[in-house]
1. Would you check which residues across region 9-28 are hydrophobic (A, V, I, L, M, F, W, C), part of a helix (DSSP H, G or I) and more than 20 Å from Lys301 (Cβ to Cβ) and list them?
2. Looking only at region 267-304, how many residues end up being in a helix (DSSP H, G or I) and open to solvent by less than 20 Å² (accessible area, probe 1.4 Å)?
3. Where residues in region 263-317 are within 17 Å of the chain's Cα centre (by Cα) and acidic (Asp, Glu), which of them is modelled with the highest pLDDT?
4. From the list Lys205, Lys258, Lys193, exactly one residue is modelled with pLDDT under 90, more than 28 Å from Asn94 (Cβ to Cβ) and either out of contact with any His (no Cβ under 8 Å at 6 or more places or on another chain) or open to solvent by less than 90 Å² (accessible area, probe 1.4 Å) (or both). Which is it?
5. Name the single residue that is nearest to the chain's Cα centre (by Cα) among those in region 42-56 being surrounded by fewer than 15 Cβ atoms within 10 Å (Cβ to Cβ) and at pLDDT 85 or above.
6. Would it be correct to say that Phe4 is part of a helix (DSSP H, G or I) and within 22 Å of Ile120 (Cβ to Cβ)?
7. Within the set of pairs 6+ apart or on separate chains, which have a first residue in region 57-84 that is among the basic types (Lys, Arg), a second that is not in a strand (DSSP E or B), and C-beta atoms under 7 Å apart?
8. Are there any strands (runs of 3 or more DSSP E) wholly within region 36-92 with 3 or more residues that are β-branched (Val, Ile, Thr), and if so which?
Amino acid sequence: MNFFKAFFAACRGPASFVDLRRQAGWRVIVHLILTILLSSICIGIGRYCALKYFWAQAEQQFVEIFGNGIAVGKNGMLPEKDVDISRRQELPYNGLLLYISPKGAEKNYSDETLEVRNFILVWTPGYAAIALRNRENGRWSFAASDAAQGELVSRMVQQNDGSLKNGLTLDELRKEILSLAALPLPENFKNFKESGFIPAQSLFKMLRGSMAAVNGGAYFRLTFFLVVFGAFAYMMIFFLAELFPGAEKKISSAEMWKIVLYAACPVIAVVNCFPMLQLPFESWYEKIFLVAWIIYINIIKRWLERNSELIENQEKQ
């Protein structure tokens, strides 16, 4: 059974699992991964389209603040106007763009500027950096690269210092931004023979697409983790239940794990509509997914157990 037939069969209800539970194990895993991948792509597309208006506004603000684009040449990456003035701009997703001029950064950034952000893009003449805030612990991951070659020059979260293993504090993030601003212009820029220009429209298309891809990737990892963790936990309970005296074994373990994974497919498709369409209760994504998945698994399991004799008779005939 190919992917689309298996997916729509899983969506039709418990009766379809009579055949789905006999699929080859590798096929079940491939179908699950494809479901998660396609759902994540849909989330990325949904985010890309849903925030088109907000990114268009951000592009207009960029033009007002920095000019029509970024000039790239021997002096690095510079805005079209007011090169020597450090500035900032609000971005969608509660983000912030910080431009640090060749003359340097502010000596300090207030809590109000940095703390409440989901992400911060740092732009200096020679380097580009991104800081992402972990919503659970409030700490930051930070990575900066040479803008001319894209080589990673700093990733604080990978250092061995125990205080940084879970990310940077707000004070550490400020210090990292200031130290980045103090770095000299990379030698690679001096080898530029001709100056280039990146229009604001192209820049924001790239940013919009990148943020959509980041969102899709984040939900791919989250969904994959939830499925692996949930399937493992459910199968452990299933094994333990079989050990009790008098427990009827109408569904084998080899069939049950396939049922569990296939049952996740329609749930993934439905629950991923919350982040894709920006629906209410998006923050409850994990809870809604796990509850709906467990309910669907149990509906399928009870139907198969209740109709086990009928299924056996039909197969003999």
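The values are calculated or read from the model by the stated rules, or taken from the named source; none is laboratory data. It should be emphasised that the depicted structure is a prediction, and the values quoted were computed from it without experimental measurement. Because the Cβ atoms are built from the backbone with ideal geometry, glycine has one as well, and the counts that use them run over all protein chains shown. For the accessible areas, the whole protein counts, side chains as well, though only heavy atoms, and no ligand, DNA or RNA atoms are used. Shrake-Rupley method; radii C 1.70, N 1.55, O 1.52, S 1.80 Å.
1. Passing the criteria: only Trp26.
2. Number satisfying all stated conditions: 10.
3. Out of the qualifying residues, it is Glu286.
4. Going through Lys205, Lys258, Lys193 in turn, just one is modelled with pLDDT under 90, more than 28 Å from Asn94 (Cβ to Cβ) and either out of contact with any His (no Cβ under 8 Å at 6 or more places or on another chain) or open to solvent by less than 90 Å² (accessible area, probe 1.4 Å) (or both): Lys193.
5. Here the answer is Ile45.
6. Criteria not met by Phe4.
7. Lys74/Phe189; Lys74/Lys190; Lys74/Phe192; Lys81/Phe66; Lys81/Gly67
8. none
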